[in-house]
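Okay, so here's the structure we're looking at.
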Amino acid sequence: MYTILKLYFEDYNPKYPVICLDEKHRPLIGNVRTKIPMTPGNPEKYDYQYKRNVTANISVAVDFKGGTKDITVTDRRTKRDFALYI
């Protein structure tokens, strides 16, 4: 853990960027009922029920010190998709 944490304290070197990678599989959901809009003194109201649509896999690579990020959304979450993203 300390080896990884030391990377964040080093000066930025564009030849050797420190890139953080995250991947998340998310269901894309929709509302079953129409929301009741906000009115003065009352917050927006919505139902807890939802309709599950499709799923998507979100991959994110961030170079914090360089100020760049890359986001890719795929339909599947397979080893091949992950390898192609890397």
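Just to be sure I understand, how many residues within segment 68-83 are in a loop (DSSP other than H, G, I, E, B) and either free of Cβ contacts under 8 Å to residues at least 40 places away in the same chain or under 30 Å from P14 (Cβ atoms) (or both)? Give the derivation first.
Applying the first criterion (in a loop (DSSP other than H, G, I, E, B)) to segment 68-83 yields 75-78.
Filter once more, so that each one left must be either free of Cβ contacts under 8 Å to residues at least 40 places away in the same chain or under 30 Å from P14 (Cβ atoms) (or both): 75-76, 78.
Adding up the residues that qualify gives 3.
Of all residues in segment 1-40, how many are farther than 30 Å from D75 by Cα and in a strand (DSSP E or B)?
Summing the residues that are farther than 30 Å from D75 by Cα and in a strand (DSSP E or B) in segment 1-40 gives 2.
From the list T78, T72, T68, T39, which residue is β-branched (V, I, T) and at pLDDT below 90? First the steps, then the outcome.
Numbers: T72 fails: at pLDDT below 90; T68 fails: at pLDDT below 90; T39 fails: at pLDDT below 90.
So the residue among T78, T72, T68, T39 that is β-branched (V, I, T) and at pLDDT below 90 is T78.
What's the total number of residues in segment 41-67 that are in contact (Cβ under 8 Å) with a residue 24 or more places away in the chain and either more than 28 Å from T78 (Cα to Cα) or not in a loop (DSSP other than H, G, I, E, B) (or both)? Talk me through it step by step, then tell me what you get.
Applying the first criterion (in contact (Cβ under 8 Å) with a residue 24 or more places away in the chain) to segment 41-67 yields 52-66.
Retained after the next criterion (residues that are either more than 28 Å from T78 (Cα to Cα) or not in a loop (DSSP other than H, G, I, E, B) (or both)): 52-63, 65-66.
Of the residues in segment 41-67, 14 are in contact (Cβ under 8 Å) with a residue 24 or more places away in the chain and either more than 28 Å from T78 (Cα to Cα) or not in a loop (DSSP other than H, G, I, E, B) (or both).
Across segment 12-43, which residue is nearest to Y85 (Cα to Cα) among those that are aliphatic (A, V, I, L, M) and in contact with an Asp or Glu (Cβ under 8 Å, 6 or more places away or on another chain)? Full working, then the answer.
Start the filter on segment 12-43 by keeping residues that are aliphatic (A, V, I, L, M), which leaves 18-19, 21, 28-29, 32, 36, 38.
Now drop any that are not in contact with an Asp or Glu (Cβ under 8 Å, 6 or more places away or on another chain), which leaves 18-19, 32, 36, 38.
Numbers: V18: 17, I19: 13, V32: 34, I36: 41, M38: 41 Å.
The selected residue is I19.
Would you please name the residue that is surrounded by the most Cβ atoms within 10 Å (Cβ to Cβ), looking only at residues in segment 6-41 that are among the β-branched types (V, I, T) and within 18 Å of the chain's Cα centre (by Cα)? Spell out the reasoning first.
Quick first cut of segment 6-41, residues among the β-branched types (V, I, T) only: 18-19, 29, 32, 34, 36, 39.
Still in the list and also within 18 Å of the chain's Cα centre (by Cα): 19, 29.
Numbers: I19: 14, I29: 12.
Only one residue tops the list, namely I19.
Do we find that Y46 is aromatic (F, W, Y) and over 25 Å from I86 (Cβ atoms) in this structure?
Details: aromatic (F, W, Y): yes; over 25 Å from I86 (Cβ atoms): yes.
Yes.
The values are calculated or read from the model by the stated rules, or taken from the named source; none is laboratory data. No experiment lies behind these values; they were computed from the predicted model shown. Neighbour counts run over all protein chains shown; Cβ positions are idealised from the backbone, glycine included.
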